[in-house]
Amino acid sequence: MATETWKEVCRRKREEQAASIPTTWLLPSLPPASTLNVLGIPRTCGLLSEKELEITELDDIAQLLESIETGKWSSVQVVTAFAKRACIAHQLTNCLTEIFIDKALERARWLDDYLKTEGKPIGPLHGLPISLKDQFCIKGLDTVMGYAAWVGKTAEEDCTLVSLLLELGAIPYVRTNVPQTLMWGETYNNVYLRTVNPYNRLLTPGGSSGGEGALLALHGSPLGVGTDIGGSVRIPATWCGLYSLRPSYNRLPYQGACNSFEGFEAVPSVLGPMAHSLPALKTFTKAIVNAKPWDWDPEAVRKLWSEREEKLDEHGQGKGLCFGILWDDGLVRVHPPVGRALEMTKAAVEAAGHTVIEWKHYKPLEIRAVLNALFLSDGGTDFVAHTSLPPHELLLTTVFPRPDSPFSHPSLALPPPAENTLLLPHPSIPVHELYSLHVEKRQLAKGFLDAWISSRTRTGTGRPVDALLAPVMATPAPPHGRNAYDFYCEYWNVVDCPCVVLPVTKVNPEVDRKEPAWEWRCQEERVVHELYEPELFRDMPVGIQVIGRKQEEEAVLSIAQLVDDALKSHAVAKQDELES
């Protein structure tokens with residue numbers, strides 16, 4: 001950094017990244033900017049063989065692992081297929097950061113030799129390629145996390161998650177893009193620039209695990225790992241048509257990963273898997289939990305995978321469940337397709353023999369105010385400390401799209417930004433005020449718990465609600481720079497509920513018409529409403545969250561599977577009804 005400007009450092013890093021893609025894996029030509037949906041290009045570009053297409057389009061991770069264990073496919077074949085497809089995905093969406101194919105193939109060859117010699121896999125994830133968000137340190141590789149000042153920050157050792165994945169037989173092979181600071185539900189930084197959504201490249205894949213979302217949507221990975229402090233796993237999942245899990249605090253190991261807000265423990269960031277199916281999320285989570293991460297990470301909860309909880313022993317064995325449904329968070333109304341996704345889910349679970357009652361958020365204004373105060377408590381010092389840019393330049397490049405972006409659109413031009421107190425330095429709060437915020441957060445969490453438990457008087461089961469059904473976001477994936485409201489996700493980080501995201505439907509402009517204006521409850525509600533133009537969002541994915549109680553990952557994954565199965569069965573029944 002002493003002899004180069006920050007712009008030169010960023011340019012050099014991108015050149016090194018481009019050189020890490022084998023020349024035989026380069027697309028013959030890039031699609032023009034007018035080609036918005038690029039989901040079909042990996043299949044038609046001619047770079048992937050029929051076998052590589054079969055491998056990468058298999059959503060069933062159990063079948064993929066079985067094919068490796070039985071010798072149908074070697075680890076080398078599987079890693080090569082996904083690495084090649086990941087590089088294709090990157091050329092279409094700019095989703096990757098570090099690309100380390102040679103290192104991954106060396107490990108794949110070792111695993112193939114081990115399987116041949118020992119006659120058994122090394123662990124439950126033997127040979128499985130896993131992509132990682134650009135926070136999870138891998139020895140010998142940079143962990144840039146979107147900061148120009150972090151280029152050349154080479155990890156001296158693997159973080160705990162990577163160590164466990166290697167012990168379990170997995171093969172890390174690429175890392176994925178993030179927004180500078182991580183504190184934004186989109187994906188753009190000065191080093192690797194912007195990641196776009198493969199469903200529509202004018203729209204964002206979300207963030208901060210947006211690189212994972214775009215990569216997975218293009219089947220460049222069978223399973224990726226992101227992190228979530230306010231929706232950063234769930235936002236890209238719902239906007240890219242995927243499944244994801246936001247687990248409870250410290251259920252999965254974070255030790256050794258890089259982060260913004262290092263030392264911020266009021267609302268801890270958690271890591272979570274993203275994939276094409278719920279069984280894939282369960283396979284990953286169960287493997288990590290049963291590897292005893294508490295022997296590696298002092299913060300990890302000491303709790304093995306519970307088969308009893310997975311079988312829903314505390315939830316009527318999965319029969320006759322009662323769900324609470326959150327139509328509105330009390331602050332911002334959701335877009336019509338999001339409301340329709342909830343209606344579809346309610347109809348499906350009721351058809352499957354469950355009941356649904358209305359749920360209202362406990363003190364949303366107070367919880368949002370506490371969360372914002374906690375996020376701003378250091379006055380932006382952490383963000384500015386990790387950048388070589390002046391604060392104003394940090395604001396511009398983090399929050400707003402540059403006008404020269406190849407995926408920008410004249411009709412989406414934004415005015416110059418006003419001051420953003422999240423990213424610009426401002427006075428930090430005194431320690432005693434921070435303590436008071438912690439107390440207030442604890443009191444709000446207690447009130448939320450009481451509200452959950454008291455629901456037993458309304459469920460008809462003698463139990464509190466078994467789970468909640470809720471929006472993930474108020475909107476489908478918006479244009480770049482326009483993600484304005486994350487509180488449908490953030491609420492659950494404050495009260496620490498595990499959340500599973502699952503896809504439900506896609507935007508249909510003929511059905512999901514724009515609503516007339518109403519009396520706004522807050523400025524964000526007006527912004528969100530005015531953002532919705534049905535044709536802009538045509539065919540974009542829409543999902544929901546299934547929310548359980550703290551440290552109840554086994555149960556919430558099983559309940560989410562019931563919901564997913566109900567949605568699919570209900571869709572088939574409706575189709576049969578139409579055809580008859």
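In what sequence do R201, R482, R308 fall when counting other Cβ within 10 Å, fewest first? List each step's numbers first, then the result.
On the way: R201 25, R482 18, R308 10.
Neighbour counts put them in this order, fewest first: R308, R482, R201.
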Whole-Hz Karplus ³J(HN,Hα) for region 453-470, in order, using 6.51 cos²θ - 1.76 cosθ + 1.60 and θ = phi - 60°, x for Gly and Pro? 5, 5, 5, 4, 6, 10, 7, x, 9, x, 10, x, 3, 6, 6, 10, 10, 8
What does the extension gain come out to for E510 and S49, with contour length at 0.36 nm per residue minus their alpha carbon separation? 162.1 nm
Taking the number of other C-beta atoms within 10 Å as the exposure measure, put V511, V151, V556 in order starting with the fewest. V511, V151, V556
Quick check: pseudo-label points 7 Å beyond the Cα along Cα→Cβ at A517 and K292, how many nm apart are they? 6.3
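Quick one: putting +1 on the C-beta of Lys and Arg, -1 on the C-beta of Asp and Glu, what dipole do you get for the chain around its Cα centre, in Debye to the nearest 20? Write down the numbers at each step before the final one.
Numbers: 56 positive and 73 negative charges, 33 e Å.
Here the chain has a charge dipole of around 160 debye.
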Based on the alpha carbons, how large is the Rg to Rh ratio for region 519-580 when Rh follows Kirkwood? 1.15
Here, E524 and T117, labelled 7 Å along Cα→Cβ, have an inter-label distance in nm of 5.5
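For a test of the definition: using alpha carbon positions, the gyration tensor, and the 1.5 limit on a/c, classify region 4-116 as rounded, prolate or oblate.
Details: a/c = 2.71, a/b = 1.44, b/c = 1.88.
Verdict is oblate for region 4-116.
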Cα-based shape type of region 143-282, given that a ≥ b ≥ c are square roots of the gyration tensor eigenvalues and the cut on a/c is 1.5: rounded
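Compute the relative contact order of region 428-580 as a whole-number percentage, counting only Cα pairs closer than 8 Å that sit 6 or more residues apart in sequence. Walk me through the numbers before you get to the answer.
Working: 157 pairs, mean separation 41.1, N = 153.
That works out to 27 percent.
Using the 10 angstrom Cβ neighbour count as an exposure proxy, how do Y435, Y491, Y362 rank, fewest first? Please list the in-between numbers first.
Working: Y435 10, Y491 26, Y362 18.
Placing the least packed residue first, the sequence is Y435, Y362, Y491.
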What helix-only [θ] at 222 nm does the chain give? Using -39500 (n - 2.57) per DSSP H run of at least 4, over all residues, to the nearest 500, the answer is -12000 deg cm²/dmol
Entries of K346/K568; K319/K346; K514/K568; K72/K116; K311/K360; K51/K506 with Cα pairs more than 22 Å apart: K514/K568; K311/K360; K51/K506
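Values in this text are rule-based calculations from the coordinates and carry no lab data. Nothing here was measured: the structure is a model prediction, and the numbers come from that model. Quick reminder, even Gly has a Cβ in these numbers, built from the backbone with ideal geometry, and neighbours come from all protein chains shown.
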